[in-house]
1. Which trypsin sites (Lys or Arg not before Pro) does the stretch 228-258 hold that lie in a coil by DSSP with at most 16 other beta carbons within 10 Å?
2. Where nothing but the Cβ of Lys and Arg (+1) and of Asp and Glu (-1) is charged, how large is the charge dipole of the chain around its Cα centre, in debye to the nearest 20?
3. Between the stretch 393-418 and the stretch 157-233, how far is it from one alpha carbon centroid to the other, in angstrom?
4. On the protein heavy atoms, probe 1.4 angstrom, tell me the percent of accessible surface of the chain carried by carbon and sulfur.
5. Please work out how much accessible surface His384 shows to a 1.4 Å probe, ignoring ligands, DNA and RNA, in Å² rounded to 10.
6. If each of Asp183 and Thr161 carries a label point 7 Å out from its Cα toward its Cβ, how far apart are those two points in nm?
7. Among Asn258, Ser377, Trp482, whose Cα sits farthest toward the positive end of the charge dipole of the chain (+1 at Cβ of Lys/Arg, -1 at Cβ of Asp/Glu, about the Cα centre)?
8. Let me know the charge dipole size of the stretch 324-386 about its Cα centre in debye, to the nearest 20, where only the beta-carbon of Lys, Arg (+1) and Asp, Glu (-1) is charged.
Amino acid sequence: MLHKEFLVFVLPILVLTIFFVIPDSYGHGLGYEILPPVDLGSKQVALEISSNPISDSDTREISFTLFDTSNGVTINDVTFFVMATKQNQTLFDVTGQRDDGTFVIRLIPTESEQITTNEEDAGLFGSILGPNKIVNVYGNTFGSGGLYNFKILITTAEGYTNFLSPPIDYEAGISFPDTTYHDIDDPNFGQQKLGIITYYEQIKNDFNYNEQNRMISYSMPFDWSEENMKQVSVIHQELRIPKTFGDLMVKGFSAKVNDLDILDNNITVDDFSAENRIVHLVISQKEMLELSQKLQNSNEIKFDITPKDENLLSTITENGQFKINLSWEPKKIESGIKTTFIFDILDVFLLDKPVSVNYDLSVIYDEKKLLQKNGLSTDLRTEHNTIEFLIPENVSGPMILQFENLDENELATASLPVIVNRIDTGEVSIPAWIKNNAEWWANGKIPDSAFLQGIEFLIKEGIMVIPPTVSGDIESHEVPAWIKNNAGWWANGEIDDNTFVSGIQYLIKNGIIAV
């Protein structure tokens, strides 16, 4: 039975290495690993594996080194056989003899679907500081991360005529970070691009963002067996969220793994980047074991991540010194209504202690300043900073609260976007003038095609908002009589908006209206 380990390293610049090998020949590490020793004549030797990205490129380098455990000296005249697979598909196999005992493979992304290999001299610089030869492997499959499985056979050592019987045999799983980006067309914040970074395996094609509860969901293949869980030290995922996406700029998140709750302190938020926030989800081995005991017949790990405190936003200034927490009353910001914005200015280096500093605050809409205020923040935990602002009648959609010059530092700036006249995806919003069209349609003054194309256009442009509806197979191109009757009754005020919309949803589900 092969042993397998899943470990995740927090820093993205390092590559996680996962090992699952034959009994008595396995190890635990992240990016750098020394496997337990085996006998080689009178010596004990071990295999060192390291994996690193090559700077300023997408190339990944993996090195295999056999050395004497008693003195750290590399074994000479070693013959390596290395075979690589990914998702149960063999990618390549290479063989090489190394006088210095170090075998290096570079995985180089190209546009070609065909995988090719060559061996080159490392040059003078390599001969002094590293291996004499390097195997280059080319192909478009190396442009993505995920889990690569390697079978390593060492057939000679300490002389190319010294054949090992049986050979030293290892299997290693090396996982490179894989980043995918997902486009979200949000009804309030528009086009957003959300990134997911995983260190174990590529996620399935099931990413989903629920606009109504703001939940992010996705999954990937995973082995939940007890044997595997005992080898798991930590699981780590990252979400890369643009700071223009106000609904996900909340102070905190909660998460589920395979529909089971995990502790909130497993989730941390990194807001030190000016453009994106990174949400880290880190689960310990102990928690994974507890989760695995509650699951049955699962071969995947599914993540559901949801914002907490939807009306409490948070970010960090560009210089990394101050944190801004922002909330407001009433909970729904509407044009023509006075809103009280409540905020705290905290010192990151003093464990989020409220501090008294000068600040400039602007309210910006459509790149124009609607309000500008200077002030001195409070350092009391029992008090908050507030401003009252009457939202102009012509303001609707994203509006930005921009903090600048905190403590008179021009680099201490931060912005938080909020929504005026929020569109809830579960609500119904129909312009009043559509009732005229509905009445004309019900009375036969305009044809079916004109009315339906008009409704289709209004939904696509967001002028008419109805609850999310999934299109189904087309059953008929004819509009049922009851829907046209509904339109007439609705126009005359005899039925409500929801009843009328149920007819529109029927047309969408049956493919008569395409949205």
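1. Those satisfying the criteria are Lys230.
2. Here the size comes out at about 620 debye.
3. After rounding, the separation between the Cα centres reads 37 Å.
4. Here it works out to 48 percent.
5. 100
6. 6.6
7. So the residue furthest toward the plus end is Trp482.
8. Dipole of the stretch 324-386, to the nearest 20 debye: 200 debye.
The values are calculated or read from the model by the stated rules, or taken from the named source; none is laboratory data. Because the structure is predicted, anything quoted here is derived from the model rather than measured. Here Cβ is always computed from backbone atoms with ideal geometry, including for glycine, and neighbour counts include all displayed protein chains. In case anyone asks, the SASA skips ligands and DNA or RNA and just uses the protein heavy atoms, side chains included. Shrake-Rupley method; radii C 1.70, N 1.55, O 1.52, S 1.80 Å.
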